[in-house]
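Enquirer: One structure coming up, written as structure tokens, with questions to follow.
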Amino acid sequence: MQQLTYLDHLRIIAGNWGALFVLFGLAVALGGANLVVGTLRGKRPHRSWERALGGAFLIAGGLLWAYLETLVPTRYASNPVAGRSAAEVAAVAVPIYREHCAVCHGDKGRGDGPLAEFVTPRPADFATHGWHHREGEHYWWITQGIPGTSMPSFNDFLSEEERWLLARYVKQLGREARLP
């Protein structure tokens, strides 16, 4: 599998809502730069290190926000299987999940599969990490894997539709695990 470059991430984001969030971060940074420049050019009474420092924080925060939004470029992508009911998704996704995921994440997605104790760091418990992430994030992690963990890339093993179905099913497992 070919490693995606940062430019590839930006191309993916350009096709979904993530572009607006990146632009928001850049706008905050630009506002911070305006504040710093205005403070440095201002007359003595209006100059203050607090205003300049605040502007610097806005610049750093805005740029960091924009960069972080690009790390998972499918975060805001719409799921092509979104129109299917939970039962339809489960009917197709459960066999795929059992074959590829349950060995680490467990049948209910609690991170307690048969291989979980041999994996460092431990597999994600979807009750904690599944329900609050967007389906686009799950899709990205299923597609690309997660560096520094034993989560592999399934890009070469599963079709795009199967990865989106798994993303929807993982989110569903996370919601179910949080119910009493």
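Rule-based calculations on the coordinates, nothing more; no lab input. None of these values were measured; they are calculated from a predicted model. Backbone-built Cβ (ideal geometry, glycine too); neighbour counts: all protein chains shown.
Enquirer: Name the single residue, out of those in region 91-115 being free of Cβ contacts under 8 Å to residues at least 24 places away in the same chain, part of a loop (DSSP other than H, G, I, E, B) and of a type in the set (D, E, K, R), that is surrounded by the fewest Cβ atoms within 10 Å (Cβ to Cβ).
Expert: The residue in question is Asp107.
Enquirer: Has region 78-88 got any residue that is free of Cβ contacts under 8 Å to residues at least 40 places away in the same chain, surrounded by fewer than 18 Cβ atoms within 10 Å (Cβ to Cβ) and of a type in the set (S, T, N, Q)?
Expert: yes
Enquirer: Among the residues of region 141-180, which ones are basic (Lys, Arg) and touching a residue at least 40 places away in the same chain (Cβ under 8 Å)?
Expert: Within region 141-180, Arg168, Lys171, Arg175, Arg178 meet the criteria.
Enquirer: Enumerate the pairs (first residue in region 1-23 and in contact (Cβ under 8 Å) with a residue 60 or more places away in the chain; second residue anywhere and outside any helix (DSSP H, G or I) and of a type in the set (Val, Ile, Thr)) with beta-carbon separation below 9 Å, excluding pairs fewer than 6 apart on the same chain, so at least 6 apart or on different chains.
Expert: Matching pairs, first to second residue: His9/Val72; Ile12/Thr74; Ile13/Thr74; Asn16/Thr74.
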